[in-house]
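Have a look at the structure below before the remarks.
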Amino acid sequence: MKHLILAALAASLPILASAQMMPDSTVQVCAYWSKGDRVAYECKITEYRIGADSTKTTTKSSSETRIFEVLEETDSSYVLQTSYKDVFSSDMSLGIGAELTNKLGESVVIRTLTNEFGAVKGILNPEELAETMKQQAPLIVDGICAKYDKKKLEESGMDLQELLRNVTEVFGNEQYIMNLCGQDVYPLFFYHGTRLDMDSEYTMKYEFPNLIPGSELTLETDLYFWVDKEQSDSTFVVIRSCADLDNEALKPVVRENILNALKLTGVTEDTMSHEELMAMLDQYMEEAQMQMSVKYDTAIQIHLATGWPTYYWGERKILATTKLGTAEQVEEQEISYAKE
């Protein structure tokens, strides 16, 4: 089927760029790839806080080159490989340094299965990725020891071997790995296989991947998306989306995030039961009058003649309010074509 489509397109090469802009004001997003195709993207992420006086303070910046290559092509599927180079992060919170950050990033290779339109069906090598993360666990523990002083940690009674086991278990969890790695793949190909009316807005239930290590919680909300008619033409389509998560949806995630943070620093639940600890956290959040919300906005530009995204922008705003005041944290992600 796919090869018949490609043959028809090849016969009309002069109008290839407009071949998927339908006469009925709809657009079909498809992948037209071949085995060996290779595309590189420059990816930049910036995190910053917004103060009470609206000033912006950058808290983290990172960048990498993300390379996609078509490993296999059949009538009904593609296999994509994602690899990395020039990985950099200004957040050295684990104390592992820029050189090691790059080394760890380049050790990750993701293989993804899509259907014939390029829509992602799943990650093919979660076991391999989990094993890679497990092998990195000692380096993460070394970073924790470097940041907090290994001798002082031992003097405080922390069992470093137990810490290593906890880190290995948390970061080697296959579901966590799939959620984490999927964030580098899914957003770029989310709309592949869809046919969108240029004049309609769409709503669907969307399950946001939970990026808390070891967590099995799900974050479901309404996702709204539509074609930006002013920015789209016969060569590119621009699709925008937005979604919100309210306090009730986020409360279980906040609790679990705190529990995992305690676990990764060697704190266990041997002094109180899990139920008692959860009740304590709920009481703390209630007394602090804690309220949280998250808002997502994205825009993606897709080249219609090939199906490769050419530009992606995403923004996540986290608003936290307590009786002491309000804090806002923003993460911006920008992905664009790059030269290898």
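Structure summary
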| item | result |
| --- | --- |
| Members of region 183-212 that are charged (D, E, K, R) and more than 27 Å from Glu256 (Cα to Cα) | Arg195, Asp197, Asp199, Glu201 |
| Filter result for Ile50 (modelled with pLDDT under 95 and closer than 24 Å to Tyr191 by Cβ) | no |
| Filtered residue count, region 224-246, keeping only those that are buried (at least 16 other Cβ atoms within 10 Å of the Cβ) and outside any strand (DSSP E or B) | 1 |
| Near pairs, Cβ below 7 angstrom, 6+ apart or cross-chain, from region 115-132 (farther than 13 Å from Tyr176 by Cα and in a helix (DSSP H, G or I)) to any residue that is among the aromatic types (Phe, Trp, Tyr) and at pLDDT 95 or above | none |
| Strands (runs of 3 or more DSSP E) lying entirely in region 20-77 (those with 1 or more residues that are crowded, with 18+ Cβ neighbours inside 10 Å and in contact with a Cys (Cβ under 7 Å, 6 or more places away or on another chain)) | 56-73 |
| Conditions (1) under 30 Å from Ser107 (Cα atoms); (2) acidic (Asp, Glu); (3) in contact with a strand residue (DSSP E or B) (Cβ under 7 Å, 6 or more places away or on another chain): number failed by Glu174 | (3) |
| Contacts under 7 angstrom Cβ, first residue in region 279-292 being closer than 14 Å to Leu324 by Cβ, partner of a type in the set (D, E, K, R), 6 or more apart | Ala288/Lys323; Gln289/Lys323 |
| Pairs with Cβ under 8 Å, 6+ apart, first in region 329-340 and within 16 Å of Glu69 (Cα to Cα), second aliphatic (A, V, I, L, M) and surrounded by 15 or more Cβ atoms within 10 Å (Cβ to Cβ) | Tyr337/Val39; Tyr337/Ala40; Ala338/Ala40; Lys339/Ala40; Glu340/Ala40; Glu340/Ile67 |
| Residue, surrounded by the most Cβ atoms within 10 Å (Cβ to Cβ), within region 78-96, restricted to residues that are at pLDDT 90 or above and of a type in the set (A, V, I, L, M) | Leu80 |
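The values are calculated or read from the model by the stated rules, or taken from the named source; none is laboratory data. Quick caveat: nothing in here was measured; it's all calculated off a predicted structure. Neighbour counts are summed over all protein chains in view; Cβ atoms, including those assigned to glycine, are modelled from backbone coordinates with ideal geometry.
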